[in-house]
Amino acid sequence: MGDKGPSSSFSFFKDEFDSDEGVRSDLSQPQHGLLSSESPFLLENTDEQSFSASIDGLSEGNQHEALRRLSYIQFIEKRNTSGWTEKNLKPLLQEAGKSLDGPVPSWRTLAGWHSSYKKSGRTIEALVPKHTKKGNRRKKVVDDAVYFWKAIKEKYLRRERPTIAATYEYYKDLITLANRDVVEGRIPALSLRAFYDRVAKLPPYEVTLGRYGQRYADREYRNVGAHSRPTRVLERVEIDHTPLDLILLDDKTGIPLGRPYLTALLDSFSGCVVGFYLGYKEPSYESVRKALLNALLNKAHIRELYPALKNDWPCEGKIETLVVDNGAEFWSKSLEYACQKVVTDVQYNPVGRPWLKPMVERFFGVVNKKLLVGIPGKTFSNIGELDGYNPQKDAVMRFSVFMDVFHRWVIDVYHQSANSRETNVPAVTWNMGVRELPPAVYRGSDIEILIIELGQSEQRTLKKGGITFERLQYSSDELLEYRKYNPPKSGRKLTMQIKINPEDLSSIYVYLDAKQQYIKVPCVDPDGYTNGLTLFQHRTYRRFVRNFYRSQVNHESLAEARLAIEERIGAEVKEVEKIGRNKNKPMSGAKAAARHLGIGSDKAAKSASLKRDDHENQSGVSNSSRPEARKSKNQHSDMLDDWDDMASDLDPY
C-alpha cells in the first residue's frame, strides 16, 4: 500500500537514538524565522504534480476584493483608448464609481492593479490583497534558535512526552547558562506565550513521530488508499481475533468464566460474517481451524440448533484469498499445509496496519458497541472506565445463552441491516453475488476430506509398533504393510506426515507418500480411553498424573538416600585403596569365582567377597590351619586366573 509518512529533507529527527554529532552541525547556524529555509523542519515538495494557490482557498473578504479590483480593470479597459495615465484614468474612475461597488481607487492604485494583472498572465490571483506581507515580518528573537531546537529535540520530542511548560523551562535554563559569562550581547529568551506559538507551528507528523513513535505516527498520518473492490463472494475474506468485552458464566455452576475470544471471518464483497469461533483458548491454529470449518461448510443445521432464527445463514464455499495478520497461529505449518487445498492464497497483512483489514476490524467494533453494550457483565478495555463497576459480580449471562443471542444478532440483525451510507445490506449482496457467480461448495465425501486437510499437521517416525503421538500408539495392518515395502528416503528413519483432529484422538490420518493419499489409523486403545478424547483433555490428564506422582515423592528422603549412597561409595573407595590390589595383572577368574561362591543380592548384607575371614570358611576349618593360607599372594592370583578353565565345563543349574 506504500502508506509512508511525509519524507523530509533533514536528518535532525531521523532517529531519536542517533548521536548528537549530526545535531550540532544543524544547530551551528542561527535560525532566522520559525520555519525558515534553515529550519530542520522544512519539508521538501516531492510531489510530481503541484499547483499554485487558487482563489477558492482564500477568505471570502479577499475573494470579494479581488473580484472588485477585476471589475474596475475590466470597466476601464473597455473605455480607455489611450495609456493608463492620470489624464485618461481620472474621468473614467469617476464614471466607474457610479456603477461599481466599493470605494473608488486612485488612478495610481488602479494602474498598479492593472500592471500586476498583465504581468501574471491575466490571472485573478494577482489581484488578491497582500496583507500577509505588510508590516515587520522579521523574527524579533534570532540568537535563541539554537537553544530552541536543542530543547525541542532533547526535551519535548521524547517518548516520555514532557509538557511544553517543562520544555520551556529547559529552554530558559540553556539560555541562562549561555549568558552566564556574557557581558554584552546577551541572548534574549522568548516569552512563554511566544514559545507556545512556536511549538504549535512544528510539523504535526514530526512531533507525533518523536513523542509516540513510528508505528503510531504512520497510523495517524497514513495514506489509507483503497483496495480494488472484489467482484464476487469469497474472493477476499478477512480473519482476525479479539477478546469480547463481556464476562460469561458457566452453564451449570454459574462460575464466571472470563472474557471469551472471538475469531471471525468476513467476506469483503458482501460484508457477511461467513464463519466464526468463540472459545476460551487463546488464539491458536485450533481456533483458526474451527472458524474455517464453520465458514467453509453448509450451515443449515444452525436453524435446528436455534429455532427462533428468522433467516438462513447461506454463507459457505471455498475461499479464494484469506487475509490474515502476522500472529503466530497464522504462520504455522498446519495452516500452510491446509491452505494448499482449502484456500487458494493467503495474504499476510503488514504489522501494525489493521486498517488494511477494514471489514473484520469494523465488525469487532460493532459487536462491542452495539451488541454487548446493554448486557450485564460487559467489561471495558480501559480499566479507568470501570469507575466502581464490577463486571464479574454483575455478570448474569450463561455461555449457551450468549451463543443463542450471538447467532440471532449476526444472522437476523447484522446481515439484514444497511450500512451507515445505506449502500449495502450484507445478506442481499451475498444472495445477488451467489446468483451471479456461485462459489465451490463442499458436499458428501468432500466434507471428510476438508476435515482431514484442516487437521493439525505433525511429523512422526513410523516404527515397528506404529506411530506414537502424545504417548499414544497408533497402528494398523495397512500401515505396517506400508513399512515393509517402503524404505526411508534418507537416514534410518521412515518419517511420515500425519494429521490430527484435536477434537478426537481415537484415530489419526497418515499420509502415504508412495500412494499419494491419507489413511485412517486407529489408536491402540483396548480400554477405550481415547473415545471422544480431545487433545486438550489428554494433555490435562497427563499433567494431572505427573503432578499426582510428584506429590507422592518425599524429596527430603530422596536427598538423604542419595547423600548416603555418595558417602558409602566414597568410603568404599578409601577401603579399596587401603587394601590395595595388583593393578598390573588383572584377575580374570574373579567373576567365575564369584559365581561359584554365590555372591548375590540375597547375601550382600552378610558378605560379598572372594576373601573369607581367618576364622571362617566354607568347610568350617580355620584358614590359618589350611596349607593354602601359607601360599603367597601370587599363587592365589594364579589360581584365580585358571578359574575360568576349571568352571567352563560345569553345567549351570
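The values are calculated or read from the model by the stated rules, or taken from the named source; none is laboratory data. Just so it is clear, the structure is predicted and the values come from calculations on it, not from any experiment. All Cβ positions, glycine included, derive from the backbone under ideal geometry; neighbour counts span all protein chains shown. Accessible surface areas use protein heavy atoms only, side chains included; no ligands, DNA or RNA. Shrake-Rupley method; radii C 1.70, N 1.55, O 1.52, S 1.80 Å.
Of the trypsin sites (Lys or Arg not before Pro) found in the stretch 209-296, those that fall in a DSSP loop while having at most 13 other beta-carbon atoms within 10 Å are Lys252, Lys281.
Which net charge results when you count Lys and Arg as +1 and Asp and Glu as -1 among the other residues whose beta-carbon is under 11 Å from that of Ile500? Every neighbour counted, the sum reads -2.
Using a cut-off of 21 Å between Cα atoms, the listed pairs Lys252/Lys299; Lys299/Lys357; Lys252/Lys290; Lys153/Lys201; Lys252/Lys310 include Lys252/Lys299; Lys299/Lys357; Lys252/Lys290; Lys252/Lys310 as exceeding that distance. In the stretch 233-321, the portion of solvent-accessible area held by carbon and sulfur atoms comes to 53 percent [1.4 Å probe, whole percent, DNA, RNA and ligands not counted]. The residues of the stretch 447-503 expose on average 59 square angstrom of accessible surface per residue, using a 1.4 Å probe on protein heavy atoms. Beyond 18 Å, how much of the Cα-Cα pair distribution for the stretch 398-457 remains, as a whole percent? The answer is 63 percent, as a whole percent.
Solvent-accessible surface of protein heavy atoms, probed at 1.4 angstrom with all chains present, puts Thr429, Thr81 in the order Thr81, Thr429, largest first. The Cα atoms of the stretch 458-580 give a gyration tensor whose axes a ≥ b ≥ c have a/c of 1.5 or more with a/b no greater than b/c, which makes the shape oblate. Excluding ligands, DNA and RNA, the accessible surface per residue across the stretch 261-309 is 33 Å² with a 1.4 Å probe. Take the Cα radius of gyration of the stretch 82-133 and divide it by 2.2 N^0.38 Å, N being the number of residues; the result is 1.22. Put simply, the C-alpha atoms of the stretch 162-258 give a gyration tensor, and the ellipsoid matching it has half-axes of 54, 25, 9 Å, longest first. Rolling a 1.4 Å probe over the protein heavy atoms of the stretch 416-549, with every protein chain left in place, gives an accessible area that is 51 percent carbon and sulfur.
Ranked by the mean number of other Cβ atoms within 10 Å of their residues, highest first, the peptides 523-535, 396-408 fall in the order 396-408, 523-535.
Counting only protein heavy atoms and using a 1.4 Å probe, the accessible area of His555 comes to about 120 Å².
For the stretch 202-295, a/c is not less than 1.5, where a ≥ b ≥ c are the root eigenvalues of the C-alpha gyration tensor, and a/b does not top b/c. That puts it in the oblate class.
Among 174-186, 446-458, sorting by the average number of other beta carbon atoms lying within 10 angstrom of each residue, highest first, gives 446-458, 174-186. For the stretch 80-207, the per residue solvent-accessible surface stands at 64 Å², with DNA, RNA and ligands left out and a 1.4 Å probe. Taking every pair of alpha-carbon atoms in the stretch 247-287, give the share separated by more than 12 Å as a whole percent. Distances greater than 12 Å cover 65 percent of the Cα pairs.
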